[in-house]
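Undergrad: Dumping the structure here so I can ask a few things about it.
Read-outs: derived from the displayed coordinates by stated rules, not from any lab. Given the structure is predicted, the values throughout are model-derived calculations rather than measurements. Cβ: placed from backbone, ideal geometry, glycine included. Neighbour counts: every protein chain shown.
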Amino acid sequence: MSEAINEAALIQAAQAGDLDAFNRLVISYQTVAYNVAYRLVGDDATAQDATQDAFISAYRSLGSFKGGSFKAWLLRIVTNACYDELRRQKRRPQLPLEPVTPDGEDAPDQDWMADPGESPEDLAERAELNTAIQRCLNQLDDEFRTAVVLIDVQGMEYGEVAEILKRPLGTVKSRLARARSRMQDCLRGFAELLPEQFRLTGEETP
Amino acid sequence: MTAPTAPRDLELLSAHLDGQLTPGEAEALLARLEREPALTAAFKQLQRTRTLLRRAPQRRLPRSFMLTPAMAGKPQRSGLGAWSGFNFASALAALALILVLVTDFSFNGLPSLGAGAAPAQEPMLMLAEAPVEESSPAEATGAADSQLADEGLDGAESDMLRVESTAADEAPMLKEATAPTLTQWVLQNARTLETLLASLAIIAGLLAWHQRRR
């Protein structure tokens, strides 16, 4: 409750031009904003650009925020910044979506939050899982990817996601269902690469 | 291989996973899940997919995304310049006020000191009297005449003494009256200066504070 009041006060101060207040909001949301951006664009540098652009854009358009979920309002700006980046990449496809070494191999990407006490084997497994998920996400259409990233990867509520996508709840449900189904089909292709507990097989015992 | 699930069933299973079905829809789906093994298998697959996605690691923040004034489009230099200007003006006015107050109190004493301050007011009295003496030297000469007569001196001696006395008395007073110093001017306008400088210091200070907050 007090956190919500504090956030409302920070938003009000930021709307009056207080940059320090806005930066406190940035501190609260930058991790989720960057992670959403990373999952949507699949590339660290592009995700950083999109996140920074989104925060600048959010500060400049704070006057248009009329209440409701600030997180949803902010993440809508983040997703739009990501779509812009993706459109730009499609026009000028210079960077690969996958991190690749000069040898053509996937670069080891372990730049995520490590669990304390995690063994090297666990880390390696998570690296494989991360690569598989990101590759499958990259194959989805933009709005399908956004739905699955926000609900399944970030654990957000359907209502918030409907607000972010500016779509009816029913549309969010159907896009999420189709996105999950496509992710399932894609991840089956990584069965050999994934640790046993992560493998999805074609057969499932009823 | 499991048979492809119908899009409508897929939506129902997906929504059921997140508890998004109405009680009626959920009841109907549970009844079907008990009867249809293919549907149950599809549901479990979807459940595992969701579990897998939820285990996707969160990335560490590579850097801070806090905005600098330049990013926010704030005119940092001009804002700081105005703030510094008002601050300097406030400080200057306060310093001038202190100088005026010190000068004023040194010559006139503190207003609340009452009788004890009287000796310190002598220079002011002298300054006030100076023009009067200058404008009517005849009166001063007359006063010297009567004093000499009282002492019983003859005419020649009294004439000499009168000339010497008049010249000696008038010299410093004429000097003070004809060339007023900055101190005299400050003392004559002390109250006005104090009010003006105090107001200037407060206004400039408030403007500096307001500029700093923007």
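Undergrad: Output ³J(HN,Hα) for region A:146-153: one whole-Hz value per residue in order, computed from phi by the Karplus curve 6.51 cos²θ - 1.76 cosθ + 1.60 with θ = phi - 60°, and x for Gly and Pro.
TA: 4, 4, 6, 5, 5, 8, 8, 7
Undergrad: Could you pull the Cα extents of region A:127-182 along its three principal axes, largest to smallest, in whole Å?
TA: Principal axes ranked by extent give 34, 18, 15 Å for the Cα atoms.
Undergrad: Going by how many other Cβ atoms sit within 10 Å of their own, how do B:210, B:16 line up, fewest first?
TA: With the sparsest Cβ surroundings first, the list reads B:210, B:16.
Undergrad: Ok, one more. Please list, in order along region B:41-57, the HN-Hα scalar couplings obtained from phi with the Karplus expression 6.51 cos²θ - 1.76 cosθ + 1.60 (θ = phi - 60°), rounded to whole Hz, x for Gly and Pro.
TA: 5, 4, 5, 5, 4, 5, 5, 5, 4, 5, 4, 4, 5, 5, 8, 4, x
Undergrad: Mind listing the long-range amide H neighbours of residue B:59? Cut-off is under 5 Å, sequence gap 5 or more, other chains count too, H placed in the peptide plane at 1.01 Å from N.
TA: A:113
Undergrad: Over all distinct alpha-carbon pairs, what is the Kirkwood Rh of region B:7-46 in angstrom?
TA: 9.9 Å
Undergrad: Based on the inverse mean of 1/r over its pairs of different Cα atoms, what is the Kirkwood hydrodynamic radius of region A:1-97, in Å?
TA: 13.9 Å
Undergrad: Here's something else I'd like to know. May I ask for the distance between the Cα centers of region A:49-69 and region A:3-28, given as a whole number of Å?
TA: Centre-to-centre distance over Cα atoms comes out at 12 Å.
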